[in-house]
Structure formats: C-alpha cells, structure tokens
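J.: One structure, as structure tokens, below. Some questions next.
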Amino acid sequence: MSGLRSFVVRRLLLGALQTVAVVLLVFALTEALPGDAAVALAGDQPDPARVSAIREAMRLDRPAWERLADWAAGLLHGDLGTSLVSGRPVSQYLADGFGPTLLLATLTVALLVPAGFGLGVLAARYAGRAADRLISSVTLAVYAVPEFALGVLLVTVFALRLGWLPPTAVGYGTDLLAHPAALVLPVLVLLSRPVCSLVRLVRAGMIDALASPHVAQARRYGVSGARLRYTHALPGALAPAAQQLARTVDWLLCGVVVVEALFVIPGLGTVLLGAVAERDVPAVQGLAVVFGVLTVVLNLGADLVAHRLAPRAGVAA
C-alpha cells in the first residue's frame, strides 16, 4: 500500500506540473501567432478606433505577464474567457460542441473494447495459425489507411453509390442520437485505427502472458481453456491496453478534427477550427487548455490503472 500511495502522490504532482505547463504553452503559442490579432479581427479595412478598442478588449496594450496572470486567475475560477467574435463565454462553445463529440466517443469506445479485446485474444489463442495471420494482416492494412482517405472511400461507396447512409450530418443539428444513420460512417472511421492498435497490443500481451511462468504453473495444476486465458493470462495484457485505451479516449474527445470536418459534425473539433479561422484568441486558448488538461487527467488515470494491474512493470507517463 505504501508503494501504491507513493506512486499516486508522484503522479498527482507530475499531473499538476503538466497542467501548469499546458497553460504556459498554450499562452506562449497564441502569443507567438504571426500578425496582429486586433487588426485581423477588425476586418479587411480596419478602422484605427476599432483596432484600438479590440486591442484594449484583448488587453494587448498590457504586458504579456499581466495578461497571463489574469488569464490563469480566471482559469482557477472556471472562467475560460469570452469570445471576441460573438461575445459569448468560451464555456458555452465548449458546451455546444461537447455533446456530439461525447456521443461519437462513447459509441466508438463501446465498439472498440469488445472488438479489440475479442480479436486480440482470438489472435493470441491461434498464434501463428490462419486466424492469427488473417487478423494481423487485416488490422495492419486498415491501420495503414489515413482517416480522411477511409472516410472519403466509405462516403463514396455507402452514401453516394449505394445510397444507404447520409454522407454528412448536415441538417441534423446537435441531436445526432435521433438520427443514428448519420453516425454510422463517422464511428466506423473513428473505430478503424484504434481497434487495430488495441488488437495488436492485446495479442502481444496475451502471447507473453501465456508464456509466463505463473501461467505455466497454472497449466501444470490443471487449469486450462477459457479460465487459463481470461483469469491468468488476460490481466497481464491489460496494463498496456489500458494506457492505449486512455490515449484513444483522449484522441476521441480532443483530436477528431478531421472526422468532424469531413462529416460536418458540430463537435469540439469543428468549434476549434472555427475559432482558429476567425482568429478568436480567447476561444482558442480556452479550448486548448481544456483539451490539454483532459489529456493529462486521462493519462494519469491510465497510469494508475496500469500500475495497479502490473505494479512491477513500471508505467510510462
């Protein structure tokens, strides 16, 4: 227990430092953007008075360290800032886009876990045989296809040629659950690469676990079949799979810009793209900080789970 407690404290401290680093990095990167944000927001023919007002609203007339201190203080109180384009709080942007993104992530993970673990265990059970070779070949081939290319291919075949599914989510708003057909193609694209990674990780972990001394000992005691695979071997393959799953969830919540843009889904990725295109610095900063903190939290949780499953293996941050 003392070793686990010490590990938890170290990871929490590291997570806090990573969060501070995220805040500093986001501020530094937005400060380093080329051009004058006030001039860009003022339009094609900026009026000096309007530029001055925008610069004052963005506090660009103050030193960078003062703006950083004010922004960080607001973050501590849950204030992500206010959009310069619409005047709405950035938290409202987050709330508007979170629903569709969360729905896509939930559906993808719900399919990913049984498919990834099931195929990985199956490939390990028949390692070196036809089933293993087929699963390994298919997952490698699918993983090699970029998301955008796979999305275009699926739209061309199932939406444009066969007419079975809608090509985009245009016209459905944010209530995508009421239109499940619009979710099929995006979820398939989101599922394609993560399931390949998870299958290969579970397969490799299961093969190593089945060859380990404690599984050999269990086999000598007469344990065989499903009990040997799922009770003695599978737990040894869960630690790397848990970390991979956390990275996948992080990507699904924070990094599905390509898929959301391709299928015109009004999620967080689309909101972030719009903020970048409009040079809405407070919105970009607020969304980027939320994404960064979410990444830190998910990886922290995955490390704790992985350490609990395999405490002697060590866990990479």
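J.: Whose amide H sits under 5 Å from the amide H of T82, counting only residues 5 or more places off or on another chain, with H placed in the peptide plane?
T.: V90
J.: Compute the FRET efficiency between A127 and R308 as 1/(1 + (r/R0)^6), taking r as their Cβ-Cβ distance and R0 = 25 Å, and round to the nearest 0.05.
T.: 0.35
J.: Along the charge dipole of segment 91-267, Cβ charges K/R +1 and D/E -1, which of L112, A241, P146 sits furthest on the positive end?
T.: A241
J.: As a test question: what accessible area, to the nearest 10 Å², does T231 have when a 1.4 Å probe is rolled over all protein chains in place?
T.: Number for this one is 80 Å².
J.: Starting from 0.36 nm per residue, how many nanometres of slack lie between V20 and V113 once their C-alpha separation is accounted for?
T.: Full extension of this stretch gives 30.3 nm more.
J.: Which value in nm describes the separation of the simple spin-label points at D70 and L12, placed 7 Å from the Cα toward the beta carbon?
T.: Modelled inter-label distance: 3.4 nm.
J.: In nm, what is the difference between 0.36 nm times the number of residues separating R5 and D208 and their Cα-Cα distance?
T.: Between R5 and D208, full extension yields an extra 70.2 nm.
J.: Along each principal axis of its Cα atoms, how long is segment 91-267 end to end? Whole angstroms, biggest number first, please.
T.: Extents along the principal axes: 62, 39, 24 Å.
J.: Give me the one-decimal nm value for the distance between modelled label points at Q92 and A178, 7 Å along each residue's Cα-to-Cβ direction.
T.: Simple spin-label model gives 2.2 nm for this pair.
J.: If you don't mind, there's one more thing I want to ask. Using only Cα atoms, figure out Rg for segment 70-141 and give it as a multiple of 2.2 N^0.38 Å.
T.: In units of the 2.2 N^0.38 Å rule of thumb, it is 1.98.
J.: In debye, nearest 20: dipole of segment 91-267 around its Cα centre with unit charges on the Cβ of K, R (+) and D, E (-)? Could you put the intermediate results ahead of the total?
T.: Working: 12 positive and 7 negative charges, 214 e Å.
Using Cβ point charges on Lys, Arg, Asp and Glu, segment 91-267 gives about 1020 debye.
J.: For segment 91-267, with the dipole built from +1 on Lys and Arg beta-carbon atoms and -1 on Asp and Glu ones, taken about the Cα centre, which of L201, L162, A181 lies farthest toward the positive end?
T.: L201
J.: Follow-up. Would you please give the FRET efficiency between V257 and A53, computed as 1/(1 + (r/R0)^6) with r the Cβ-Cβ distance and R0 = 35 Å, to the nearest 0.05?
T.: For V257 and A53, the calculated efficiency is 0.65.
J.: Taking 2.2 N^0.38 Å as the expected size of a compact globular protein, what ratio does the Cα radius of gyration of segment 99-173 give against it, to two decimals? Intermediate values should be presented prior to the final figure.
T.: Numbers: Rg = 16.1 Å, N = 75, 2.2 N^0.38 = 11.3 Å.
Compared with the compact-globule rule of thumb, segment 99-173 sits at 1.42.
J.: Let me ask another. Mind jotting down the distance between the C-alpha centroids of segment 129-174 and segment 253-282, whole Å?
T.: 21
The values are calculated or read from the model by the stated rules, or taken from the named source; none is laboratory data. Since the structure is predicted, the reported quantities are computational estimates derived from the model, not experimental observations. As a convention, Cβ positions derive from the backbone with ideal geometry for all residues, glycine included, and neighbour counts pool all protein chains shown. For accessibility, only protein heavy atoms count, side chains too; no ligands or nucleic acids. Shrake-Rupley method; radii C 1.70, N 1.55, O 1.52, S 1.80 Å.
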